[in-house]
Amino acid sequence: MLLHPGSTEFPPPPALYPQEGPLVLEVGFGDGRFTSQIAQQHPEWNILGVERSAGSVSRALRRFRREGLRNVRVYHGEATFALRNLVAPGRLYRVYVNFPDPWPKAKHEEHRLLQRAFFRRLSTRLQDSGALWLTTDHLEYWQFAQNEAQASGLFAVETPPPPESHLRTKYALKWKTQGRSFYHAVFSKIGQDPTPWPPLERYPMPHALMQGTLPQIAVFEKAVVRFEGGTAVLTEVARTLEGGYYFLTHVSEEDLVQDLLLEARPSSHGFYVGLSRFGAPLSTLGVKAAVEWLVGWLEAQGLQTLQRSY
Ligand SMILES: C[S@@+](CC[C@H](N)C(=O)[O-])C[C@H]1O[C@@H](n2cnc3c(N)ncnc32)[C@H](O)[C@@H]1O
């Protein structure tokens, strides 16, 4: 099952995962061969695989379907979004991170996944004594992650040799042929961050009912809407066959980037202006801000608002 931001609920409904049993997260599964290996070895596990690359997600999904795996759920997007929104507090048994992007330049360190803030958040989702297992070829990132986990005060760190099964991923095999060394660390939860980490707030579909005549839009200048925690950019407009418009909008907020459509379409009472359901977007603060901006812009073009809901 492939999960989109808009198909997530919180707390995650029990039916999201196919069975009672340990919940295991794999971050950055790449071509999915490790996911498939653990899913077959542990049919009693519920495995949530998270991957931000669309190409990898589609290749891995083909593999999971071909192999008939029933205990894997896939989220296409950011690991922290999935952790925050698809995992109930205290529910995770284990996390696997194999060969994470190392971001080797000092000025890019902030992009690394395994840093203090992440460990603090992870502690809210792991069960007592749950653990994250890291395998990498990058000595400096391996040491960095250990320092960050220790600085959080919430994890005990051990560094046994990497299990053989972790050295058969696509990247492990690639680095093996180059003669690289491999490093492993197990981060076991020993405490929990007292700050709750609630899921991203969702909003009812923001919309307005407007009346008047829609403008003929020959040229649309890109609009940037800033809101607390992100930006929404309305980039393009397209006329619909029924005489309305779609506005292609890029909304970027914490751990979530969505390309979605806002619409202004004729309805029995005037024009419905709001978020289109196309692509099953998640209705967030950023979406609300974008709809609010669009209604204001249409008002400036001469339409009147009869009713608004946002
Ligand atoms: C170097 S590859 C390793 C892939 C696989 N684990 C392997 O060992 O073959 C790192 C993968 O992690 C994914 N990734 C990196 N950061 C991520 C994040 N924050 N959330 C989800 N996926 C991420 C990348 O898209 C990439 O596919």
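The values are calculated or read from the model by the stated rules, or taken from the named source; none is laboratory data. Remember, predicted model here, so these are calculated numbers, not experimental data. All Cβ positions, even for glycine, are placed from backbone atoms using ideal geometry, and neighbour counts span all protein chains on display.
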Scope segment 245-292; condition aromatic (Phe, Trp, Tyr), crowded, with 20+ Cβ neighbours inside 10 Å and touching an Asp or Glu at 6+ places or on another chain (Cβ under 8 Å); matching residues
TYR245, PHE247
So, in segment 189-215, exactly how many residues are more than 30 Å from LEU262 (Cα to Cα) and surrounded by fewer than 17 Cβ atoms within 10 Å (Cβ to Cβ)?
7
Residues that are at pLDDT 95 or above, within 25 Å of the chain's Cα centre (by Cα) and either more than 21 Å from ALA289 (Cα to Cα) or in the same structural domain as TRP297 (by TED's automatic domain parsing) (or both): does segment 211-218 have at least one?
no
Whichever residue in segment 59-89 is within 15 Å of the ligand (Cβ to nearest atom) and among the basic types (Lys, Arg) and, among such residues, is farthest from GLY6 (Cα to Cα)
ARG63
Given the conditions (1) assigned to a strand (DSSP E or B); (2) surrounded by 16 or more Cβ atoms within 10 Å (Cβ to Cβ); (3) of a type in the set (Lys, Arg), which single one is not true for ARG308?
(2)
Does LEU92 satisfy the condition of being more than 15 Å from the ligand (Cβ to nearest atom) and within 18 Å of the chain's Cα centre (by Cα)?
yes
Determine whether segment 267-281 contains at least one residue that is at positive phi, out of contact with any strand residue (DSSP E or B) (no Cβ under 7 Å at 6 or more places or on another chain) and either in contact (Cβ under 8 Å) with a residue 60 or more places away in the chain or in a helix (DSSP H, G or I) (or both).
yes
Of all residues in segment 27-58 being under 21 Å from VAL257 (Cβ atoms) and touching a Ser or Thr at 6+ places or on another chain (Cβ under 7 Å), which is nearest to the ligand (Cβ to nearest atom)?
GLY30
Being small (Gly, Ala, Ser) and modelled with pLDDT of 95 or more is the filter; apply it to segment 245-273 and report the residue that is farthest from ARG112 (Cα to Cα).
ALA264
Check whether at least one residue in segment 289-301 is in contact (Cβ under 8 Å) with a residue 40 or more places away in the chain and in a strand (DSSP E or B), and report yes or no.
no
Residue check: is VAL224 over 22 Å from GLY77 (Cβ atoms), at pLDDT below 95 and surrounded by fewer than 13 Cβ atoms within 10 Å (Cβ to Cβ)?
no
How many residues does segment 95-139 hold that are within 13 Å of the ligand (Cβ to nearest atom) and either in contact with a His (Cβ under 6 Å, 6 or more places away or on another chain) or farther than 14 Å from ALA149 by Cβ (or both)?
13
With respect to ALA151, is the statement that it is within 16 Å of the ligand (Cβ to nearest atom) and among the aliphatic types (A, V, I, L, M) true?
no
